[in-house]
Amino acid sequence: MKSLHATCLIIGLFSTFHAFSQSDVLKWSKLSEAEINLQITKLDSSASAVILGECQSINVQYGNIIMQNHVRLKILNRNGLEHANVTLPYYIKDDLEKITSVKAQTINILPGGKLEKTEIKGSEVFTIDVNENWKAKKFTFPAVKEGSHYRIYILKNIKGLFKSG
């Protein structure tokens, strides 16, 4: 049992270190010229949206897991507008999971290259009942149109997966 705890600790430390080293790239920073000018992806020329970056860090604290997710996406064409509607399910039975923070932002490039940033307000994130075991946070990115970029940061707590004894 001790070797299992040690293995989980080592994996957790490596995952956290690796994720933090990648997270610098995904900060709420300026968009690169390549991201702004991207209109078609090389992997799939028919794609309606593309994930520009995704990072997750997982920390274990006192038997609880804290997950941080950060995703950057660009809407390439009209069909990609559906990706502006976001549903984040979480398991509520026995208070196992809880989404404690959602930060989201739409970025549009205006004529002349100026960036227009629209943050989602807390009042625009709704909690819905999915069924007796699940809830979801639901929202729509504001001001989304073809060429929009959006970013989302999610903090989720999962309690008591690792119990001692």
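The values are calculated or read from the model by the stated rules, or taken from the named source; none is laboratory data. Because the structure is a prediction, the values reported are computed rather than measured. Using ideal geometry, Cβ is built from the backbone for each residue, glycine included, and neighbour counts are taken over all protein chains shown.
Observations
- Filter result (surrounded by 14 or more Cβ atoms within 10 Å (Cβ to Cβ), of a type in the set (D, E, K, R) and not in a helix (DSSP H, G or I)) within region 110-144: LYS135, LYS137, LYS138
- Cβ-Cβ contacts under 6 Å between residues 6 or more apart (or on different chains), taken from a first residue in region 79-100 that is surrounded by 14 or more Cβ atoms within 10 Å (Cβ to Cβ) to a second residue that is basic (Lys, Arg) and in a helix (DSSP H, G or I), are absent.
- Among the residues of region 123-165, just one is out of contact with any strand residue (DSSP E or B) (no Cβ under 8 Å at 6 or more places or on another chain), more than 19 Å from ILE65 (Cα to Cα) and modelled with pLDDT under 95, namely SER123.
- Test result for VAL71, touching a Leu at 6+ places or on another chain (Cβ under 7 Å) and either modelled with pLDDT under 85 or in a strand (DSSP E or B) (or both): no
- Residue-level check: of (1) of a type in the set (A, V, I, L, M); (2) over 13 Å from the mean Cα position of the chain (by Cα); (3) surrounded by 14 or more Cβ atoms within 10 Å (Cβ to Cβ); (4) closer than 13 Å to GLY147 by Cα, ILE65 misses just (4).
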